[in-house]
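The structure appears right after this line, and notes come after that.
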Amino acid sequence: MSEAATTQKSPAAPRLRALLAPAALQKLLAFASLVLLLIYFSIASPAFMQTDNMINILQATAVNGVLAIASTFVIITAGIDLSVGTLMTFCAVIAGVVLTFWGLPMWIGLIAALAAGALCGAVSGTLVAKAKIPPFIATLGMMLLLKGLSLVISRDKPIYFNDTPGFTSISQESLLGEFVPSLPIPNAAMILFIVAILASIVLNRTALGRYTFAIGSNEEAVRLSGVNVDRWKIAIYSLGGGICGLAGLLLASRINSAQPALGQGYELDAIAAVVIGGTSLSGGAGTILGTIIGAFIMSVLTNGLRIMSVAQEWQFAVTGIIIILAVFADMLRRKRT
Amino acid sequence: MLLVEAKDIYKSFPGVRALAGARFELMPGEVHALMGENGAGKSTLMKILAGIYTRDSGEIRYDGALVDFAGPREAQQAGIGIIHQELQLMNHLTVAQNIFIGREPKRAFGLLLDDDRLNRDASALLAHLNIGIDPRTVVGGLTVARQQMVEIAKALSFNSRVLIMDEPTAALNNAEIAELFKMIRELKGRGVGIIYISHKMDELKQIADRVTVLRDGEYVGTVDAATTSMATIIGMMVGRTISDERLVGANAPGEVVLDVRHLECGPLVRDVSFSVRRGEILGFAGLMGAGRTEVARAVFGADRPQSGEIHVHGKKCAIRTPEHAVVAGIGYLSEDRKRFGLALGMDVEANVVMSNLSRYLSFAGFLKAEPMRRAAEKFIRMLNIRTPSAAQEVRLLSGGNQQKVVVAKWLDRDCDVLFFDEPTRGIDVGAKAEIYKLLRTLADQGKAIVMISSELPEILRMSDRIVVMCEGRITGELAPEQATQERIMELATQREAAKAA
């Protein structure tokens with residue numbers, strides 16, 4: 001009887017527990033923090049709630065948010081991808097080569113960028129899954145490799161997309177604003193939301209998503225269930241890479257150029273967004289919604305502090321404190337369970 | 001005068017009652033063996049005594065005074081040392097550094113470590129114990145037996161008066177065991193009380209003065225080791241004579257389903273050949289480390305065999321990964337469910353469908369929620385898994401119910417051959433009986449079952465045929481009518497060197 005006692009409670013109990021579960025609580029916490037930040041900044045500075053500024057925030061969140069979504073998959077497998085930032089740049093440079101150097105049609109450039117991302121992700125995934133190189137090291141190598149390649153391919157100069165009309169509209173214009181003039185949400189933000197919804201579906205409703213969680217939860221058990229873990233890992237890193245390619249297109253479109261020196265440092269912002277959103281670095285748990293909230297907290301914080309004319313050095317310091325607090329909350333949560 | 005006296009000790013873990021009224025006493029200079037089946041509560045009781053666990057209730061007297069240790073350090077300083085089955089040494093440090101870890105002698109106002117004194121003290125201690133090891137040796141380079149000596153020296157460096165040894169001979173060969181026993185006798189002569197946990201009956205006669213038996217966390221009795229027969233002690237351990245109630249299959253075994261020939265895989269799988277028939281339960285007996293788990297892992301493709309052939313349904317299969325094994329219809333239920341069998345943080349449903357996810361994919365590649373839920377609920381009913389719902393996280397279930405979830409995972413995959421590695425480890429008695437019934441039902445339904453178990457009563461009760469392993473080799477095969485605990489133990493200890501001599 002002793003074993004029944006711990007597991008059999010009234011049917012309402014699990015539902016109540018789920019609602020009060022630290023994981024759910026933390027998501028609420030993150031969302032509440034975002035709302036508090038928005039309220040605080042709009043009171044502190046009248047310039048903050050202006051439409052232009054909101055569009056700025058959305059634009060800034062789009063790139064980091066998409067990168068963070070890519071990172072979320074890898075982090076849920078208990079891995080890490082340090083190459084997302086420079087991979088993003090690499091993909092933008094590839095688009096630049098295809099469109100500006102070679103003058104090919106736009107759709108080929110877009111596909112080339114996405115394919116380059118997926119391919120690089122597959123390489124990272126293969127290094128991790130097959131060569132058993134720890135993800136931190138494998139993707140650190142990829143990060144530097146891609147940084148170098150971007151500079152080589154672009155001949156160390158920005159590539160502009162002036163010959164490709166329409167390229168900048170990927171990020172900058174607002175398709176939604178055409179139809180609903182009161183909601184001039186830039187395309188980049190719409191793309192972020194669409195990617196988030198798709199990623200959420202993949203994560204929660206497909207075999208790839210299921211194995212993402214399962215591998216992070218207990219990789220060996222999954223392997224011993226007869227699942228080809230290596231192949232799924234490569235798939236997960238490839239998916240992440242492809243999403244980085246999209247981020248590269250968004251960024252390039254926004255600044256109308258591929259800047260080969262840009263990119264390093266973005267991976268840490270992405271990881272920060274993921275962690276603030278409640279995804280555990282030890283794997284097995286995480287949500288896309290949390291990541292999006294995390295990405296918004298990062299960009300609202302940066303934007304708000306800038307608008308309040310807080311010195312850049314203090315912006316860094318505050319962001320650092322926020323990240324540490326978020327991870328601390330994660331530790332508390334894990335200790336309690 | 002009693003050195004240690006523990007009375008009415010109770011301890012529960014989530015889902016398991018580990019101790020219920022256990023008692024134990026120890027006199028100075030006595031070697032007192034603590035016996036019981038796996039899960040009887042021996043290790044739990046000792047961990048409570050050594051301050052690693054806290055008891056729920058009961059009292060412990062040490063040297064006549066009531067004690068309540070807050071942690072292992074406190075118990076150690078009071079003079080109770082414990083040597084765990086898995087040695088707790090830092091492999092990269094030297095012998096001396098290991099012995100005095102956390103108590104390093106310092107010099108220069110405590111700023112620097114005094115390595116000279118460290119090694120001198122360690123030298124003196126080792127000499128005092130007649131252990132011939134240089135304190136400057138790195139521990140990782142020593143044999144397991146010597147590492148154990150270091151552990152003993154470390155425990156005694158606290159001037160321990162009580163030394164708890166949990167299965168100290170599990171990894172030792174005969175010469176090393178003799179050396180260990182010599183040391184134990186010497187400590188005994190100095191008045192150290194030794195609590196000795198072991199499964200090996202023959203050792204008790206050699207070394208123990210008294211034997212206390214626990215069963216299902218309860219105290220059964222204390223007897224004199226010299227005058228009590230092994231049969232009596234075994235009887236006390238198992239209670240009712242479990243081996244008599246054999247669970248026999250409904251049908252005679254059918255055709256050979258799995259045929260393994262000359263399998264070689266590392267040091268613990270050497271020229272292993274066996275076969276299993278439809279409807280049969282093949283018991284794999286042997287001591288810990290005999291290579292039974294390794295055989296299962298090699299057949300299952302979890303470790304890559306060097307050579308040998310595996311035939312399933314008469315067809316040769318190249319099994320290099322677990323994926324291949326599953327496709328060939330072989331399932332493996334690991335001895336360590338938590339590490340290798342389950343994704344503990346995921347729910348019952350996700351675990352049940354894990355090895356068979358492709359069956360639940362829609363044409364567009366989405367997981368079909370409804371069929372997955374139905375499958376999970378089917379198995380919850382069929383195997384009587386006690387869980388509030390299919391959405392319950394597996395880590396919240398008891399050991400027996402977790403085991404059933406693993407079973408469900410493989411049933412969902414509909415494998416023909418199932419390897420059960422220690423299927424009842426860490427499961428309490430009621431749930432064990434259910435698992436036994438389940439194994440027999442599965443066999444009757446036409447599965448071929450390989451059951452690896454270190455519990456002889458379980459092997460005798462369940463098996464249609466018994467294979468015994470020792471040091472990576474199959475040393476014999478027994479029909480159930482020929483099999484006795486003694487006969488199995490004889491084969492299980494039939495070392496290659498001894499055989500040659």
Checked against (1) more than 7 Å from every other protein chain (Cβ to nearest Cβ); (2) not hydrophobic (A, V, I, L, M, F, W, C); (3) not in a helix (DSSP H, G or I), A:Gly226 satisfies every condition except (1)
Test of understanding: among B:Val417, B:Val353, which residue is out of contact with any helix residue (DSSP H, G or I) (no Cβ under 8 Å at 6 or more places or on another chain), more than 8 Å from chain A (Cβ to nearest Cβ) and either β-branched (Val, Ile, Thr) or surrounded by fewer than 21 Cβ atoms within 10 Å (Cβ to Cβ) (or both)? B:Val417
Six or more apart or on different chains, Cβ under 9 Å: which pairs go from a residue in the range A:67-79 that's at positive phi to one that's small (Gly, Ala, Ser) and part of a loop (DSSP other than H, G, I, E, B)? Could you list them? A:Ala78/A:Ser280; A:Ala78/A:Ser282; A:Ala78/A:Gly283; A:Ala78/A:Gly284
Working carefully through the options B:Ala390, B:Ala408, find the one that is assigned to a loop (DSSP other than H, G, I, E, B) and within 14 Å of chain A (Cβ to nearest Cβ). B:Ala390
Starting from the range B:181-208, keep only residues that are of a type outside the set (A, V, I, L, M), then list their pairs with residues that are at pLDDT below 90 whose Cβ atoms are within a distance under 6 Å, requiring at least 6 positions of separation or different chains. B:Ser198/B:Glu167
Flagged in the range B:305-333 as closer than 17 Å to B:Thr293 by Cα, crowded, with 19+ Cβ neighbours inside 10 Å and in contact (Cβ under 8 Å) with a residue 40 or more places away in the chain, in numbering order, are B:Pro305, B:Ile310, B:Ile330, B:Gly331, B:Tyr332, B:Leu333
If we take the range B:227-338, then helices (runs of 4 or more DSSP H) inside it with 3 or more residues that are within 14 Å of another protein chain (Cβ to nearest Cβ) are B:292-300, B:322-327
Can you confirm whether A:Ala252 is closer than 27 Å to A:Pro186 by Cα and in contact with a strand residue (DSSP E or B) (Cβ under 6 Å, 6 or more places away or on another chain)? yes
Just one listed residue, out of B:Asn356, B:Asn384, B:Asn351, is more than 25 Å from A:Gly286 (Cβ to Cβ) and touching a residue at least 12 places away in the same chain (Cβ under 8 Å), and it is B:Asn384
Which one of these does A:Thr291 not meet: (1) touching a residue at least 60 places away in the same chain (Cβ under 8 Å); (2) of a type in the set (S, T, N, Q); (3) not in a helix (DSSP H, G or I)? (3)
Considering only the range B:71-134, give the helices (runs of 4 or more DSSP H) lying wholly within it that have at least 1 residues that are surrounded by 14 or more Cβ atoms within 10 Å (Cβ to Cβ) and more than 32 Å from the chain's Cα centre (by Cα). B:115-128
Looking at (1) within 14 Å of another protein chain (Cβ to nearest Cβ); (2) closer than 15 Å to B:Val213 by Cβ, which is the only condition B:Arg23 fails? (1)
Being buried (at least 17 other Cβ atoms within 10 Å of the Cβ), of a type outside the set (Phe, Trp, Tyr) and free of Cβ contacts under 8 Å to residues at least 12 places away in the same chain narrows it down to one of A:Gly148, A:Gly209, so name that one. A:Gly209
Pair list, Cβ < 9 Å and 6+ apart or interchain, from the range A:157-174 residues that are at pLDDT 85 or above and exposed (fewer than 13 other Cβ atoms within 10 Å of the Cβ) to residues that are of a type in the set (Val, Ile, Thr) and not in a loop (DSSP other than H, G, I, E, B): A:Asn162/A:Thr100; A:Asp163/A:Thr100
Would you mind telling me which numbered condition in (1) touching a residue at least 60 places away in the same chain (Cβ under 8 Å); (2) of a type in the set (S, T, N, Q); (3) more than 7 Å from every other protein chain (Cβ to nearest Cβ) B:Ser398 fails? (3)
Considering only residues that are assigned to a helix (DSSP H, G or I) and more than 9 Å from chain A (Cβ to nearest Cβ), which ones fall in the range B:339-350? B:Val348, B:Glu349
If you take the residues of the range B:375-387 that are in a helix (DSSP H, G or I) and basic (Lys, Arg), which of them is nearest to the other protein chains (Cβ to nearest Cβ)? B:Arg381
Against the definition (part of a helix (DSSP H, G or I), out of contact with any strand residue (DSSP E or B) (no Cβ under 9 Å at 6 or more places or on another chain), charged (D, E, K, R) and closer than 26 Å to A:Leu140 by Cβ), how does A:Glu313 come out, yes or no? no
Every residue in the range B:250-284 that is surrounded by 18 or more Cβ atoms within 10 Å (Cβ to Cβ) and touching a His at 6+ places or on another chain (Cβ under 9 Å), please. B:Val257, B:Leu258, B:Asp259, B:Val260, B:Val272
Looking at (1) more than 9 Å from chain A (Cβ to nearest Cβ); (2) in contact with a helix residue (DSSP H, G or I) (Cβ under 7 Å, 6 or more places away or on another chain); (3) more than 25 Å from B:Ala18 (Cα to Cα), find the lone condition where B:Arg359 falls short. (2)
Could we say that A:Ala252 is farther than 30 Å from B:Tyr332 by Cα and either within 9 Å of another protein chain (Cβ to nearest Cβ) or surrounded by 24 or more Cβ atoms within 10 Å (Cβ to Cβ) (or both) here? yes
Enumerate the pairs (first residue in the range A:304-315 and touching a residue at least 24 places away in the same chain (Cβ under 8 Å) and within 18 Å of A:Ser33 (Cβ to Cβ); second residue anywhere and part of a helix (DSSP H, G or I) and of a type in the set (Phe, Trp, Tyr)) with beta-carbon separation below 6 Å, excluding pairs fewer than 6 apart on the same chain, so at least 6 apart or on different chains. A:Gly304/A:Phe41
Going by the structure shown, is A:Ile201 within 14 Å of chain B (Cβ to nearest Cβ), of a type in the set (A, V, I, L, M) and either surrounded by 14 or more Cβ atoms within 10 Å (Cβ to Cβ) or touching a strand residue (DSSP E or B) at 6+ places or on another chain (Cβ under 9 Å) (or both)? yes
Among the residues of the range B:1-43, write down those that are modelled with pLDDT of 85 or more, more than 23 Å from B:Gly235 (Cβ to Cβ) and among the β-branched types (Val, Ile, Thr). B:Val4, B:Ile9
Could you tell me whether A:Val195 is more than 28 Å from A:Thr287 (Cβ to Cβ) and among the β-branched types (Val, Ile, Thr)? no
Do we have B:Thr228 as surrounded by 13 or more Cβ atoms within 10 Å (Cβ to Cβ), among the hydroxyl-bearing types (Ser, Thr, Tyr) and at pLDDT 90 or above here? no
Might you let me know whether the range B:36-51 holds any residue that is of a type in the set (A, V, I, L, M, F, W, C), farther than 25 Å from B:Arg103 by Cβ, crowded, with 22+ Cβ neighbours inside 10 Å and in contact (Cβ under 8 Å) with a residue 60 or more places away in the chain? yes
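The values are calculated or read from the model by the stated rules, or taken from the named source; none is laboratory data. Computed from a predicted structure; not experimentally measured. Using ideal geometry, Cβ is built from the backbone for each residue, glycine included, and neighbour counts are taken over all protein chains shown.
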